[in-house]
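I have a structure I would like to understand better, so I am pasting it below and will then ask my questions one at a time.
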Amino acid sequence: MDALLGTCSLPLLRRRTSVKWRAYPADVLPAFVAEMDFDLAPPITRAVSGALAIGDCGYPHRGELGEAYAAFAAGRLGWDVDPGRVYPVPDVKTGLAEVIGAITPPGAGIVINPPVYPPFRFRFSLYGRRVIDAPLARDETGRYDLDPAAIEAALSQPGAAAYLLCSPHNPTGNVWSAEQLEMVASLCQRHGAILLVDEIHAPLVLPPARFVPFGSLDHEMAGQAFIFTSASKGWNIPGLKCGIAIAGSPAGSAVLEQRAGALSPAHLGVLASVAAFTGGLPWLDAALRQLDENRALLARLLRGHLPAAGYCPPQASFLAWLDCRALGLGDDPAAVFLDRGRVAVGSGPDFGSQGRGFVRLNIGTSPALITEAVRRMAAACQER
């Protein structure tokens, strides 16, 4: 592993006190939550330590966040972003929920594409909105795709007011093409649906996939959508609480400014995000190289230890979506892996009914710990 990423030594990792390391007993290897095991990027450590050294822990100011993200988007994503339309939020989940609360009436329908990130479903429900499923299509190879017919049917339901696109997609790791994004945009335009796009995993797109920012499209909806992202996944800093909302229009900016009181980030999170988007690129490149190697390693390990498990290497991020239905472990294989293998992975049914028989495995760690996770999963199957 690159020296920037550290060693992912298990004894050192167990000194951490985040949910990943406190949710289960010490004999359980945690690989469930979307939190990487790598050391922090040095520019982030310096930014936060420097602020602590001078007592800079007050209320947040957006500072250079807009300019920092705009430079990153231009240089890495090929997207020309107006820094004035970049707004800090506590995290993507909260940003999405507050905007949905502002722009849709109670009881409105929000379209999502399961299997998908579980908090989408319960956060919108907490705000009195109902979720409408437009499930992804899945081919015989196990690769997922957006289903135009399912999206059309969902947007045609009474009260469907908004569509939330996860791009890149969590948990499948899909990176959508410009043609797929334009299909979504056209359907939303035809149905008069508001479009929100979660691009939190965009910094972690792996070769040869190419990420297309929704806001870069030559489509009218690109100027009307709300885009959400963060440094939290790319640089592993979710605990510092700073996401980004990008308004495609002046009307969108007005919505975000009106909700500013409910969208206040953490001051240290803003400073860390600026450091990530500016000085954190060498660390990001090291992480991308390691994740590229890790997804290939996982394929080899599964062939050797769990050949019946289905696996399409993700095109982005550090999350592997595994089809365990042929292993005979029931609807929730994660429960068996935990009970008999002492490895904690994400429960597939949490991502929707389409996740029955699946698990999500975090590979944002060392090759040694990925190997140990697969060894424990295989042992659980053998014991059963």
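The values are calculated or read from the model by the stated rules, or taken from the named source; none is laboratory data. Remember, it's a predicted structure, so these values are computed and weren't measured experimentally. We place every Cβ from the backbone using ideal geometry, glycine too, and count neighbours over all the protein chains shown. These area figures cover heavy atoms from the full protein model, side chains too; ligands, DNA and RNA do not enter into them. Shrake-Rupley method; radii C 1.70, N 1.55, O 1.52, S 1.80 Å.
Using label points projected 7 Å from each Cα along Cα→Cβ, tell me how many nm separate Ala308 and Arg143, to one decimal.
Using points 7 Å along Cα→Cβ, the separation is 2.7 nm.
From the protein chains alone at 1.4 Å, what is the descending order of accessible area for Cys57, Cys324, largest first?
These residues rank, largest area first, as Cys57, Cys324.
Evaluate segment 268-359: find the radius of gyration of its Cα atoms, find its Kirkwood radius, and give the ratio Rg to Rh.
Numbers: Rg = 16.6 Å, Rh = 15.1 Å.
A ratio of 1.10.
How far is it, in nm, from the label point at Ile54 to the one at Ser249 when both lie 7 Å from their Cα along the line to the Cβ?
4.1
Suppose the chain between Arg190 and Ser125 were pulled fully straight at 0.36 nm per residue; how much longer would it get relative to their current alpha carbon spacing? Each step should come with its number before you reach the end.
Values: separation 65, 0.36 × 65 = 23.40 nm, distance 2.55 nm.
Extra length from Arg190 to Ser125 when fully extended: 20.8 nm.
While we're looking at this one, here's another question. Which loop trypsin sites (Lys or Arg not before Pro) in segment 178-266, with loop taken from DSSP, have no more than 16 other Cβ atoms within 10 angstrom of their Cβ?
Working: sites: Arg190, Arg210, Lys233, Lys241, Arg259; in loops: Arg210, Lys233, Lys241, Arg259.
Qualifying residues, ordered by number: Arg210.
Whenever you get a sec, compute what percent of the accessible area on the chain sits on carbon and sulfur atoms (1.4 Å probe). Walk me through the numbers on the way to the answer.
Working: 8020 of 14960 Å².
About 54 percent, which is the carbon plus sulfur part of the accessible surface.
Moving on to the next point. Quick check for me: using +1 on Lys/Arg Cβ and -1 on Asp/Glu Cβ, what's the dipole size of segment 287-384 about its Cα centre, in debye to the nearest 20?
Working: 12 positive and 9 negative charges, 43 e Å.
Roughly 200 debye, rounded to the nearest 20.
Next up: Please name which of Gly341, Gly6, Cys188 has its Cα lying farthest along the dipole of the chain towards the positive end, using unit charges on Cβ (Lys, Arg +1; Asp, Glu -1) and the Cα centre as origin.
Gly341
Related question: Say each of Glu372 and Arg342 gets a label point 7 Å from the Cα, pointing the same way as Cα to Cβ; how far apart are those two points in nm?
1.1
While we're here: For an R0 of 56 angstrom, estimate the FRET efficiency from the Cβ-Cβ distance between Ser18 and Glu179 and round to the nearest 0.05.
Details: r = 39 Å, r/R0 = 0.69.
For R0 = 56 Å, the calculated efficiency reads 0.90.
Sticking with this structure for a sec: Could you give the dipole magnitude of segment 120-230 about its Cα centre, charging the beta-carbon of Lys and Arg +1 and that of Asp and Glu -1, in debye to the nearest 20? Could the numbers behind the result be given before it?
Details: 8 positive and 12 negative charges, 96 e Å.
Taking the Cα centre of segment 120-230 as origin, the dipole is about 460 debye.
Still on this structure, I have one more. Tell me, what is the per residue accessible area of the chain in Å², probe radius 1.4 Å?
39
Can I ask one more? Could you give me the percent of Cα pairs per 10 Å distance bin for segment 1-83, shortest bin first, beginning at zero and ending with the bin that holds the maximum distance?
Taking all Cα pairs of segment 1-83, the binned fractions are 13, 28, 33, 22, 3 percent.
For the chain, with only Lys/Arg (+1) and Asp/Glu (-1) charged at the beta-carbon, what is the dipole magnitude about the Cα centre, in debye rounded to 20?
Working: 33 positive and 35 negative charges, 227 e Å.
Approximately 1080 debye in magnitude.
Pick out, from Tyr24, Gly78, Phe38, the residue whose Cα sits farthest towards the positive end of the charge dipole of segment 1-104, with +1 on the Cβ of Lys and Arg and -1 on the Cβ of Asp and Glu.
Ranked along the dipole, the leading option is Tyr24.
Taking only Cα atoms and a 10 Å spring cutoff, compute GNM fluctuations for the chain and point out the largest among Leu52, Leu13, Leu263.
With Cα springs under 10 Å in the chain, the top fluctuation among Leu52, Leu13, Leu263 is at Leu52.
Among residues other than Ser186 whose Cβ falls under 13 Å from its Cβ, what is the net charge (Lys/Arg +1, Asp/Glu -1)?
Details: positive: Arg190; negative: Glu152, Glu179, Glu182, Asp218, Glu220.
Combined, the nearby Lys, Arg, Asp and Glu give -4.
Peptides 347-355, 98-106, 165-173: what's the order by average Cβ count within 10 Å, highest mean first?
Working: 347-355: 20.6, 98-106: 17.3, 165-173: 25.6.
Highest-to-lowest ranking by the protection proxy: 165-173, 347-355, 98-106.
Over the Cα atoms of segment 120-270, what radius of gyration and what Dmax do you get, in Å?
Expressed in Å, the Cα Rg and Dmax of segment 120-270 come to 15.8, 48.
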